[in-house]
Every structure is written in C-alpha cells, then in structure tokens.
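Visitor: Have a look at this one before I ask anything.
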Amino acid sequence: MGILVFIKMFGAVMLLLYAVRMVRTGFERAAGPSLRRAIGKASSGPVAGALSGTAVAILLQSATAVAILAAGFATSGFISTAAGLAVLLGADLGSALVVQFLVFDLSWLVPLLLGGGAWLFLKLDARSAKQIGRILLGIAFILIALQMIGEATTPLKEARFMPQFAGYLAQDTPTAMAVGALLAFLVHSSVAAVLMIAALVQKTGLPQEAAIPLVLGANVGAGFVALWLTRGMDRKAKLLPLGNFVFRSTGAVLVMLALKIHDLPLAALSNDPAQQIVAVHVLFNLLLVLVCLPLTRPVAWLVERLVPDSEEAGERDRLTPQSALDKQLVGNPRLALASATRELLRMGELVEVMARPVLMMLEKGSEQEIRRLQQLDTQVNAIHSSVKLYIAEVNRGELTGEQAERSMELVGFAVNLERAGDLVAKNLLELALELQKNKISFSPEGLRELTWMHDRVLANMELALNVLVSADVASARELIAEKDKMRTLERESHNRHLERLKSKTVESMESSNAHLEVMRSLKEINSLFAAAAVPILAREGLLRDTRLVPAE
C-alpha cells in the first residue's frame, strides 16, 4: 500500500510541476515581451513595481520566474535593487493568489479546458491561438494533478504513523518549517508546495498547528529557490533574491512567534480547512507587501553591503561569455561549423539584449542607459568579423557540398545580424536619444501600435535563433509567415498614423518622423532575422522564385 501511495503521489506531483511550467511557457511565448516590459517599468515607484510583479506572477503562476526576469533587468541596470525588491514582493503575493484560485473545486472546468485547449492547439495555426490552447491545457492538467494528489493522500488518513507524525510537527515548529522549506525547494514551486500541504490538510486531517508552519516554511524555501537559481549570475542579479529571502525568512519567523502568543482566527477566514491554510498563505504575503514595501531601500542598502563587489566581477562583462569559435576544430568542418553556429547564437542573443528594452528607451530612457545598450553593438561587430574570418579559414580545407553551402548560410546570417545590430544601435537608440532630448512622446494609439510590432519582432528573433539551430521546416514556415504578417502590420499602422495626422493629433504630428522610422526599422530587423528560414525552405522546395504574377 505504501509503495502504491508513493507512486501515485510522485506521478501527481510531476504532473503538477509540468502543468505549471506549461502555463508559464504559454504566457511567455504569447506575451513574453509585454510581461518583461511590465517588470521593466517597475522603476516608476514601489507600488507600481509591486502591482506589476503581482500581475506577471499571476499570469506565469510563478514568483520564481518573475525573480529571474527581474534579475535580468537588474543586471542590465534598468531597475534598481530597491525597485526589484518591490517587484518580487508583489510576485510573492501574485503566486499566493494563484493558489487561492486553484484550491477551489473547479473539477467541472476540466472537460471544458481540455476540449477548448486541445482544439486551439491542434486545429489552429496562429501562434497566439496555440499558446492560449497550451495555457488552457496547462490549467486543466493542474486541476487533474490536484485531484490525483487528493486521491493519493486519502489512504494516509488511516495510516498508523500519521497521528504521531502530525503531532510531532505540531509540537516542533522549527522542524515543521524546515520540512516546508525543503518541500518547496525540492519541487521548485511555492504554488505546488502549498497546494500539496492544503491537500494533506483536506485528505489526511493534518492539524493546522502543523500545517501553518509548513506553509510558512514553504515561503522561505521558495525564496531560497530564486537565490539558488541566480547563484551564477551577476552580482546585481543576486541582490534581488537575497533581499527577498531576507523579507520572507524574517517575516516567517516573526509571524510564527506572534502565533505562539495569539491564535489566528481561522474560522473567520473559511470553514474549509484547506482554504484556511491557503488564506494564511495569502495573508502572509499580503502582510509582507504592506510591511516590507517601505523597507525596500534599507534592505537594498543592506544586501548591497552583504554581497561584495569584487574588482574581478566589475571588470568582467557578464553579457559576453567566451567565444565559441575553437581554432583547433578548423580542420574538422562539421565541428567547426557547429562552433560557428553557437557563436552566431551568442551574436543573436546580444542583438536581442539590445532590442528588448528599445520601447522603454523610446518612452523614457536615460542617456546613460541608452549609451550602455549602444556599446553592445561593438561586441556584435567584433563577433561578426570573427565569424567571417573563422569560416573563411574553414573553407580553405576540404568541405562537402552541403558543408560549403552551410558555411555560406552562416556568413549570410552573420551579416544580417550585424545589420540588425546597427539598426538597433544607430537608428532606434539614436532616435531614443533625440526623443528624450526634445521631450517628444508618441500618441497612446501610436505607442500601442509600435509596442505590438516590437513584441512580434522579439518573438520572431527567438524563433529565428531556434530555426538556425534546429533547421525545423515547420518553424521556418512560421517565421516566413510572420514576415508577411509584419508587412501587413506595418502597412496598417502607417495608414492609421496618416489618419491621426489628418485629425491633427498633436503628439502624432510631433512624433511623425520618429514613428515611421521605428516602424521601418522594426520591419527590417524582422526581415533580417526571418532570412534564417530561407535556405531551409529553399532546400525543401517550399519557396517561390518570385511573388510577381506571370506576365500574359
């Protein structure tokens, strides 16, 4: 019986973790740039940062994912440590609200979610429809996993050891908190950990005296997860999860001490034991936001003193790892071309790092931030030159026809990436400097149009780099289809912009040249990345020689 319970529990937990990741992946692919931009705007104030963190965590169903995104912005210097801590406090509350939603009996939704999600994912070709289908399927799998956890834990209620185990945890609070922290760290998800604890309360009769320390410990463990995942990142990235861990661990200990003095009126929260535990989880994270939000600056100062800024770390550029071009492989064309492909991935990622915050820079970027991004173009140019020289050296050896063709494709893509970097650095970022200098802003409608185009370009950048490595025909077709959609999007935005000029919208008139230049640059950058798909489709005979209608 014990082995069967373990197998069922293990399968249910793995399904739960997979489903949470499935939902997060769907939102990242459907609206990743928008979510990152929401976090990037956290510098406007602690309240705005907390609200953005809450919203993004609800969508991604993970405070840890938000912590990683915020750490990336901190590394680039776009948000301060204090602003990042506000985002993480909001993200903790957001993930707690997700648990509050999932703990309700939503089993009636499962067939609808499965049917609708599968239909969207399998029957429609549009990227957004497929990702919405993925999200719906993920939510359905979460609900199924929770049902499985409930069924798996039901026999534990009759187990002989359960009363002794529960009584021990109820009496030994530090051990209970340590068990909760270990559980959250092992599953790498506070959402999954708290839902499992709630299931134990519901199905096995685990007393609240043991469940509450487990939940508080799970919050501490979830904070340590982000700390663990950022251990190899830049110093500025490490500061955010460290500060958040200080908030969570200190808060958990203080709340546990307070509960030793005063009992929590659980009956006033809910009549259902599982919902009472989840309510405690939500209230704890809400309390952290209310109490700790004014303390983000002092704690930021503290963690900056705790993590030394070594001279070595200051000199090393974290955004540019060592070159993948291995001179020793020049005599082996197959491995050498693989090395060149990896270097092109690094080059493409650098261009993506430059392009990702462009809309923020156009809106309100400082000169220091813009200049820092422009400096990356020097590295892009250096990689471009290195790749061309490396492949030229490889071509001096004996290559098969396929290898020679691949080498020319890689050189062509390197040229495209270098051009894309120039468009970002010398067109878009220079334009951002001009807009900030002259205090010119886009109209709300124009900004929405540019944001939509920018989001599609970023998504297509990621798709193009995947195509470069995988040579997947279906992905290549999607990339070329996106090129056509971008052409249509640019034309429609251009027409709407002209309509705003006719109506004499002041902001549109002031920003007209900038608006059109941003559109043209985004379209060209998209085309340069989409070129990665052309050789793949050409080999498969899936490209037309011309778009012209044959002459009669």
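The values are calculated or read from the model by the stated rules, or taken from the named source; none is laboratory data. Predicted model, so just to flag it, every value in this text is computed and none were measured. For neighbour counting, all protein chains shown are included, and Cβ atoms are generated from backbone atoms with ideal geometry for every residue, glycine included. Remember, those area values only see protein heavy atoms, side chains included, never the ligands or the DNA or RNA. Shrake-Rupley method; radii C 1.70, N 1.55, O 1.52, S 1.80 Å.
Visitor: Tell me, which helices (runs of 4 or more DSSP H) wholly within the stretch 273-358 include 1 or more residues that are at pLDDT 90 or above?
Guide: Values: elements: 273-292, 296-306, 311-315, 333-355.
Helices (runs of 4 or more DSSP H) meeting the threshold: 273-292, 296-306, 333-355.
Visitor: Suppose we filter the stretch 498-521 for residues that are of a type in the set (A, V, I, L, M), closer than 17 Å to Glu363 by Cβ and touching a His at 6+ places or on another chain (Cβ under 8 Å); how many remain?
Guide: Summing the residues that are of a type in the set (A, V, I, L, M), closer than 17 Å to Glu363 by Cβ and touching a His at 6+ places or on another chain (Cβ under 8 Å) in the stretch 498-521 gives 1.
Visitor: Now, a different point. Would you be able to say whether some residue in the stretch 161-169 is among the aliphatic types (A, V, I, L, M), within 30 Å of Ala459 (Cβ to Cβ) and touching a Pro at 6+ places or on another chain (Cβ under 8 Å)?
Guide: Checked the stretch 161-169: no residue is among the aliphatic types (A, V, I, L, M), within 30 Å of Ala459 (Cβ to Cβ) and touching a Pro at 6+ places or on another chain (Cβ under 8 Å).
Visitor: List every residue pair whose Cβ atoms sit under 7 Å apart, with the two residues 6 or more apart in sequence or on different chains, where the first one lies in the stretch 507-518 and is touching a residue at least 40 places away in the same chain (Cβ under 8 Å) and under 15 Å from Lys437 (Cβ atoms) and the second, anywhere, is aliphatic (A, V, I, L, M) and open to solvent by less than 50 Å² (accessible area, probe 1.4 Å).
Guide: Listed pairs, sorted by first residue: Glu510/Ile440; Ser511/Ile440; Ala514/Leu431; Ala514/Leu435; Ala514/Ile440.
Visitor: Picking from Leu259, Leu264, which residue would you name as being hydrophobic (A, V, I, L, M, F, W, C) and outside any helix (DSSP H, G or I)?
Guide: From the options Leu259, Leu264, the qualifying one is Leu264.
Visitor: So which helices (runs of 4 or more DSSP H) are wholly in the stretch 481-552 and hold at least 3 residues that are open to solvent by 50 Å² or more (accessible area, probe 1.4 Å), over 21 Å from Val411 (Cβ atoms) and modelled with pLDDT under 90?
Guide: Where helices (runs of 4 or more DSSP H) fall fully within the stretch 481-552 and carry at least 3 residues being open to solvent by 50 Å² or more (accessible area, probe 1.4 Å), over 21 Å from Val411 (Cβ atoms) and modelled with pLDDT under 90, they are 506-510.
Visitor: Which of the residues that make up the stretch 89-142 are closer than 18 Å to Met22 by Cβ and among the polar types (S, T, N, Q)?
Guide: Ser95, Ser128, Gln131 - these are the residues of the stretch 89-142 that are closer than 18 Å to Met22 by Cβ and among the polar types (S, T, N, Q).
Visitor: Yes or no: the stretch 173-187 includes at least one residue that is modelled with pLDDT under 85, of a type in the set (A, V, I, L, M) and within 13 Å of Thr64 (Cα to Cα).
Guide: Taking every residue of the stretch 173-187 in turn, at least one turns out to be modelled with pLDDT under 85, of a type in the set (A, V, I, L, M) and within 13 Å of Thr64 (Cα to Cα).
Visitor: May I pose another question? Looking at (1) buried (at least 19 other Cβ atoms within 10 Å of the Cβ); (2) out of contact with any helix residue (DSSP H, G or I) (no Cβ under 6 Å at 6 or more places or on another chain), find the lone condition where Met408 falls short.
Guide: Exception for Met408: condition (1).
Visitor: Given the structure, is Gly115 at pLDDT 85 or above, over 22 Å from Met256 (Cβ atoms), open to solvent by 40 Å² or more (accessible area, probe 1.4 Å) and among the small types (Gly, Ala, Ser)?
Guide: yes
Visitor: Write out, first by first residue and then by second, each pair whose Cβ atoms fall under 8 Å of each other, whose residues are 6+ apart or on separate chains, and whose first residue, in the stretch 473-487, is under 11 Å from Val457 (Cα atoms) while the second is in a helix (DSSP H, G or I) and among the β-branched types (Val, Ile, Thr).
Guide: Hits for this filter: Leu479/Val467; Met486/Val457.
Visitor: Can you tell me which of (1) more than 24 Å from the chain's Cα centre (by Cα); (2) under 30 Å from Arg342 (Cβ atoms) is the one Ser511 doesn't meet?
Guide: (2)
Visitor: Follow-up question, since we're still on this one. Has the stretch 379-391 got any residue that is part of a helix (DSSP H, G or I), on the phi < 0 side of the Ramachandran plot and under 26 Å from the mean Cα position of the chain (by Cα)?
Guide: yes
Visitor: Tally the residues that are modelled with pLDDT under 75 and either open to solvent by 50 Å² or more (accessible area, probe 1.4 Å) or among the hydroxyl-bearing types (Ser, Thr, Tyr) (or both), restricting the search to the stretch 1-27.
Guide: Count: 2.
Visitor: Checking the condition open to solvent by 70 Å² or more (accessible area, probe 1.4 Å) and either closer than 30 Å to Glu510 by Cα or aromatic (Phe, Trp, Tyr) (or both), which residue from Asn427, Asn466, Asn438 passes?
Guide: Being open to solvent by 70 Å² or more (accessible area, probe 1.4 Å) and either closer than 30 Å to Glu510 by Cα or aromatic (Phe, Trp, Tyr) (or both) holds for just one of Asn427, Asn466, Asn438, which is Asn438.
Visitor: Now for a different question. Only one residue in Ala65, Ala82, Ala57 is part of a helix (DSSP H, G or I), open to solvent by less than 20 Å² (accessible area, probe 1.4 Å), within 29 Å of Leu216 (Cβ to Cβ) and at pLDDT below 85, so which one is that?
Guide: Exactly one residue qualifies, and that residue is Ala65.
Visitor: Does Gly401 satisfy the criteria of being more than 15 Å from Leu429 (Cα to Cα), surrounded by fewer than 18 Cβ atoms within 10 Å (Cβ to Cβ) and out of contact with any His (no Cβ under 6 Å at 6 or more places or on another chain)?
Guide: Considered against the rule, which asks whether it is more than 15 Å from Leu429 (Cα to Cα), surrounded by fewer than 18 Cβ atoms within 10 Å (Cβ to Cβ) and out of contact with any His (no Cβ under 6 Å at 6 or more places or on another chain), Gly401 comes out as yes.
Visitor: Would you be able to say whether some residue in the stretch 250-266 is basic (Lys, Arg) and at pLDDT below 90?
Guide: Yes.
Visitor: In this structure, does Ala420 turn out to be closer than 22 Å to Leu516 by Cα, of a type outside the set (S, T, N, Q) and at pLDDT 95 or above?
Guide: So Ala420 fits the description; yes.
Visitor: Just to be sure, is Ala70 of a type in the set (A, V, I, L, M), crowded, with 22+ Cβ neighbours inside 10 Å and within 30 Å of Gln374 (Cα to Cα)?
Guide: yes
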